[in-house]
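I have placed the structure first, in the form of C-alpha cells, so that the comments after it can refer back to it.
The values are calculated or read from the model by the stated rules, or taken from the named source; none is laboratory data. Since this is a predicted model, take the numbers as computed values, not measurements. Backbone-built Cβ (ideal geometry, glycine too); neighbour counts: all protein chains shown. Please note that ligands, DNA and RNA were not included when accessible areas were found on the heavy atoms of the full protein model with its side chains. Shrake-Rupley method; radii C 1.70, N 1.55, O 1.52, S 1.80 Å.
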Amino acid sequence: MGGLNDSAVTEIVLLALSCSWEKKLFLILICSLLYLGVILGNLFILFLVIFDSHLHSPMYFLLANLSLIDVGLSSTTVPKIITDLLNEYKVISFQSCMTQICFIHIIGGVEMVLLIAMAFDRCTAICKPLHYLNIMNPKICVSFVITGWVTGVIHAMSQFLFVINLPFCGPNKVDSFYCDFPKIIKLACTDAAKFEFIVTANSGFMSMGTFFLLILSYSFILITVWKRSSGELSKAFVTLSAHITVVFLFFTPCMFLYVWPSPPPSIDKNLFVVDFAITPVLNPVIYTLRNKDIRLSIKRLHKRISNSKFC
C-alpha cells in the first residue's frame, strides 16, 4: 500500500453525475455551452493579443497567458464530465483521478501568480507611469509566467507526495463532479485529519493569502490615486474593476473549498461550476466590456475583415 500503483482502489465513482435522464440532458447542454464559451472567448482574446500589434504590451501579454490558463483549467474537468454524463458508468480510473488533481492544482497555482503579476502591472502603470516600460520589461513578464508554472508545480507536488502514499483499500465513491485532494483523502484507510490539515494549510492559506494580497494591492492603488487627484479615482476604479471582479470570482470558490474542506455537497457542486466553467467563460466578457483597447482591437479586426470582403 506504499504508493499509487499499490492501491487496492482502481477507480473512483463520481456520484454527483448519477441523476435522471432529464437532468443529464440539461447538464450536458449547460456544460457544453459553457465549455464552448470558454474555448471561443479565451482563444479569441489570445488571438487578438497575438495578431494586433496595438496589444503588444505587458498587460495584454499577461492577459493572454491568463486566457490560456483558463482554457486549461476548464479542460481538466468539463470535457470529462460531459463524456461521463453520456456513459452509463460514471467512473474515473485512480491514476486519471490523481492526474486530474495535479493538473487542477498546477494550473490553479499558475493563475494565482498571473493575477498577482497583473496587479503589480496595474500598480506600476498607475503609480509609476514614467518608469512603467522599464519596470515591466519583456524579461520581467516572462519571469512572471515561469514563476507561475514553477509555483504551480511545487504547490501541486507538495500535496501529491503526501496523498500518493496513503492506503486506499475500500471506499471509492465521491459525491462530486471531479477529483480533488480534500475528497480523495477522505477515502484513505487511515486517519485523514493530519492530511486534511496539510491540504488546508497549503491550498487554503495560499488561496486566502493571495486573495488578501491582491485586495490590499488594489486598495493601495485606489488610495494612491485618490491622494494624488480625487477626480482620477473613478477612472482608476473603472480600470481596476475588471481585475477586482476576476479576483473575487476566482478566489471565492477556492477559499470555500479549501479553507472549509467539507462543505455540503450542494455548495461544493455549485462552487465547482463557478470555478471551472462560469469564471473562465466570464473572464473574456469582463475584460472585453471593461477594456477600451480590447474593444478598439475588435473594431479594427471587424474593419479589416469587412475591407477584405470588398477586395
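A few points about this structure:
- Rounded to the nearest 20 debye, the dipole magnitude of the chain is 1340 debye, with +1 charges on Lys and Arg beta carbons, -1 on Asp and Glu beta carbons, and the Cα centre as origin.
- Computed extension length for Phe162-Ala201: 12.7 nm, one decimal, from 0.36 nm per residue of separation with the Cα-Cα distance subtracted.
- Gyration tensor verdict on the range 1-108 (Cα atoms; rounded if a/c is under 1.5, prolate if a/b is larger than b/c, oblate otherwise): oblate
- Accessible area per residue for the chain, computed on protein heavy atoms with a 1.4 Å probe, is 49 Å².
- Integer Hz, Karplus 6.51/-1.76/1.60 couplings in order for the range 101-106, x for Gly and Pro: 4, 4, 5, 4, 7, 5
- Heavy-atom accessible surface of the range 178-238: percent carbon and sulfur, 1.4 Å: 70 percent
- Distant-in-sequence amide contacts of Phe168, defined by a placed amide H-H separation under 5 Å and a gap of 5 or more residues or a different chain, comprise Ala8, Val9, Cys189.
- Considering only Ile154, Ala193, Ile294, the residue lying farthest towards the positive end of the dipole of the chain is Ile294, judged by Cα position with unit charges set on Cβ.
- Integer Hz, Karplus 6.51/-1.76/1.60 couplings in order for the range 269-278, x for Gly and Pro: 5, 5, 5, 4, 4, 5, 6, 9, 10, 6
- Restricting the calculation to Cα atoms, the range 76-120 yields a radius of gyration followed by a Dmax of 14.6, 48 Å.
- Charge dipole of the chain about the Cα centre (unit charges at C-beta), most positive-ward option of Val259, Cys102, Asn307: Asn307
- Cβ charges +1 (Lys, Arg) and -1 (Asp, Glu), total dipole of the range 134-255, debye: 300 debye
- Farthest towards the positive end of the charge dipole of the chain, among the residues Leu34, Ala125, Tyr218, is the Cα of Ala125, using unit charges on the Cβ of Lys, Arg, Asp and Glu.
- Additional length obtainable on full extension of the chain from Arg300 to His131, 0.36 nm per residue less Cα span: 57.9 nm
- Size of electric dipole in the range 72-133: Cβ of Lys, Arg +1 and of Asp, Glu -1, about Cα centre, debye, nearest 20: 180 debye
- The chain: calculated mean residue ellipticity at 222 nm from DSSP helix runs of at least 4, using -39500 (n - 2.57): -24500 deg cm²/dmol
- Computed 3J(HN,Hα) for the range 67-79, one whole-Hz value per residue from the Karplus formula 6.51 cos²θ - 1.76 cosθ + 1.60 where θ = phi - 60°, is 4, 5, 5, 4, 4, x, 4, 5, 6, 6, 10, 4, x, glycine and proline marked x.
- Only one item in (1) 21.4, 71; (2) 18.9, 57; (3) 21.7, 76 matches Rg and Dmax of the Cα atoms in Å derived from the coordinates shown, and that item is (1).
- Annotation: lysines with alpha-carbon distance below 30 angstrom to Lys269 (same-chain offsets under eight excluded): Lys23, Lys24, Lys80, Lys90, Lys173, Lys183, Lys186, Lys194.
- Residue-span extension gain [Ile244 to Val150] - 0.36 nm each, minus C-alpha spacing: 31.4 nm
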